[in-house]
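Student: Take this structure, written in structure tokens, and hold onto it; I'll ask about it next.
The values are calculated or read from the model by the stated rules, or taken from the named source; none is laboratory data. In this text, all values refer to a predicted model and were calculated from it rather than measured experimentally. Cβ sites come from the backbone with ideal geometry, for glycine too, and all protein chains shown count toward neighbours.
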Amino acid sequence: MDKNISYGSDYKYIPATSITSGVGIELLPDLFCYTVQIVNICLVGKPGSNDFVLVDAGMPHSSNAIISAVENRFGKNSRPQAIVLTHGHFDHVGAVIELVERWDVPVYAHELELPYLTGEKSYPEPDPTVEGGLVAKMSPIFPNEPIHLGNRVTMLPSDGTVPGMPEFRWIHTPGHTPGHVSFFRERDRALIVGDAFVTVKQESLYKVLTQEQEINGPPRYLTTDWSASWESAKKLEALKPSVAITGHGLPMEGEQLAKNLRKLVEEFESIAIPDDGKYMN
Ligand SMILES: [Zn+2]
Ligand SMILES: [Zn+2]
């Protein structure tokens with residue numbers, strides 16, 4: 001292993017899963033969503049070409065599952081042009097080091113997320129006191145120390161373009177984390193959300209397991225800035241996406257997405273924001 005890059009010392013396998021773990025869904029010919037335990041990764045690009053990008057890097061110890069998903073779709077020994085991150089939480093960078101070492105590809109993230117990806121800054125401790133269920137309760141075991149990607153990680157271009165995803169633009173959607181981004185393509189209004197909002201009640205172990213669809217704000221136990229989160233949800237709703245792949249939960253599209261996103265933005269206080277919790281002031 002390249003000794004200039006490493007996970008935090010609290011890096012570990014997290015024993016949580018859902019019925020969709022290992023399932024892939026092709027939403028559009030060049031947009032594929034794959035579930036790793038309780039989180040989604042995205043492959044952007046058409047099968048048969050080598051021009052594709054991996055968005056987010058799954059759970060700790062999931063590199064074999066991700067490599068298989070990539071090779072099943074793009075062919076044996078295929079590798080993406082780049083890995084692009086919505087943010088640096090453990091469930092979105094869980095296999096990034098093994099993947100970078102295998103593929104030798106660059107990683108991109110928002111400038112404000114870089115301290116959490118270069119060993120400088122830990123995320124705040126997860127808040128197990130937010131109401132919502134067992135996943136919130138187990139959140140203290142989640143890794144929050146920064147990983148160290150050294151010079152393998154680069155900031156996303158400031159002009160809004162996304163390396164390897166020519167038609168997409170990144171959109172800063174802070175709140176869940178300071179440098180959280182989503183990715184949007186105007187042509188067909190495809191949106192890769194990250195955790196700016198999700199389609200499952202992520203705090204509840206039962207709902208995570210069954211993946212019952214339900215619009216929600218960002219996962220509560222890790223969200224620290226609720227007013228920024230609300231603004232970010234409004235920003236995404238205003239784009240009128242036709243299809244949305246969220247970091248957690250099943251993808252949503254069409255009228256169901258429009259209706260739910262409108263409801264989330266209008267009722268953000270009651271749907272998304274916890275009544276209490278340590279990041280409430
Ligand atoms: Zn997150
Ligand atoms: Zn997440």
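Student: Scan the stretch 81-108 and report the pairs whose first residue is closer than 20 Å to residue 126 by Cα and of a type in the set (Ser, Thr, Tyr) and whose second residue is part of a loop (DSSP other than H, G, I, E, B) and within 16 Å of ligand 2 (Cβ to nearest atom), with Cβ atoms within less than 7 Å and a gap of 6+ or a chain change.
Tutor: 86/56; 86/92; 86/180; 86/195; 86/247
Student: Which one of these is away from ligand 2 (no atom under 16 Å from the Cβ), closer than 30 Å to residue 49 by Cα and at pLDDT 95 or above: 115, 80?
Tutor: None of the other options fit; the residue is 80.
Student: Within the stretch 123-142, can one find any residue that is under 27 Å from residue 81 (Cβ atoms), touching a residue at least 60 places away in the same chain (Cβ under 8 Å) and of a type outside the set (S, T, N, Q)?
Tutor: Going residue by residue through the stretch 123-142, those that are under 27 Å from residue 81 (Cβ atoms) are none.
The answer is no; no qualifying residue exists.
Student: Pull out all pairs, ordered by first then second residue, where Cβ-Cβ is under 7 Å, the residues are six or more apart or on different chains, the first lies in the stretch 190-211 and is more than 23 Å from residue 226 (Cα to Cα), and the second is outside any loop (DSSP other than H, G, I, E, B).
Tutor: Final answer for the pair search is 190/28; 190/31; 190/243.
Student: Can you name the residue in the stretch 63-77 that is in contact with a strand residue (DSSP E or B) (Cβ under 9 Å, 6 or more places away or on another chain) and under 24 Å from residue 151 (Cβ atoms) and, of all such residues, is farthest from ligand 2 (Cβ to nearest atom)?
Tutor: 70
Student: In contact with a Ser or Thr (Cβ under 9 Å, 6 or more places away or on another chain), surrounded by fewer than 19 Cβ atoms within 10 Å (Cβ to Cβ) and within 27 Å of residue 5 (Cβ to Cβ): does that describe residue 178?
Tutor: no
Student: Same structure again: Considering only residues of the stretch 193-233 that are of a type in the set (Ser, Thr, Tyr) and within 12 Å of ligand 1 (Cβ to nearest atom), which is modelled with the lowest pLDDT? Working first, answer last.
Tutor: Taking the stretch 193-233 and keeping what is of a type in the set (Ser, Thr, Tyr), we get 199, 204, 206, 210, 221, 223-224, 227, 229, 232.
The next check asks that each one be within 12 Å of ligand 1 (Cβ to nearest atom); those that pass are 221, 223-224, 229.
On the way: 221: 83, 223: 91, 224: 87, 229: 97.
So, considering only residues that are of a type in the set (Ser, Thr, Tyr) and within 12 Å of ligand 1 (Cβ to nearest atom), the one modelled with the lowest pLDDT is 221.
Student: Let me ask you something else. If residue 19 meets every condition in (1) buried (at least 20 other Cβ atoms within 10 Å of the Cβ); (2) under 24 Å from residue 134 (Cβ atoms); (3) among the β-branched types (Val, Ile, Thr) apart from one, which number is that one?
Tutor: Unmet for residue 19, out of (1) buried (at least 20 other Cβ atoms within 10 Å of the Cβ); (2) under 24 Å from residue 134 (Cβ atoms); (3) among the β-branched types (Val, Ile, Thr): (1).
Student: Residue 258 is checked against (1) outside any loop (DSSP other than H, G, I, E, B); (2) closer than 24 Å to residue 38 by Cβ; (3) more than 16 Å from ligand 2 (Cβ to nearest atom); (4) among the aliphatic types (A, V, I, L, M) and fails just one. What number does that condition carry?
Tutor: Only one criterion in (1) outside any loop (DSSP other than H, G, I, E, B); (2) closer than 24 Å to residue 38 by Cβ; (3) more than 16 Å from ligand 2 (Cβ to nearest atom); (4) among the aliphatic types (A, V, I, L, M) is unmet by residue 258, namely (2).
Student: Inspect the stretch 45-53 for any residue being within 16 Å of ligand 2 (Cβ to nearest atom) and either surrounded by 22 or more Cβ atoms within 10 Å (Cβ to Cβ) or not in a loop (DSSP other than H, G, I, E, B) (or both) and give the result as yes or no.
Tutor: The answer is no; no qualifying residue exists.
Student: Restricting the search to the stretch 91-108, which residues are farther than 25 Å from residue 160 by Cα and part of a loop (DSSP other than H, G, I, E, B)?
Tutor: The answer is 94, 95.
Student: When you scan the stretch 36-56, how many residues do you find that are polar (S, T, N, Q) and more than 14 Å from residue 95 (Cβ to Cβ)?
Tutor: Of the residues in that region, 2 qualify.
Student: Does at least one position in the stretch 136-143 carry a residue that is part of a loop (DSSP other than H, G, I, E, B) and either more than 26 Å from residue 63 (Cβ to Cβ) or within 15 Å of ligand 2 (Cβ to nearest atom) (or both)?
Tutor: Yes, there is a match, as at least one residue in the stretch 136-143 is part of a loop (DSSP other than H, G, I, E, B) and either more than 26 Å from residue 63 (Cβ to Cβ) or within 15 Å of ligand 2 (Cβ to nearest atom) (or both).
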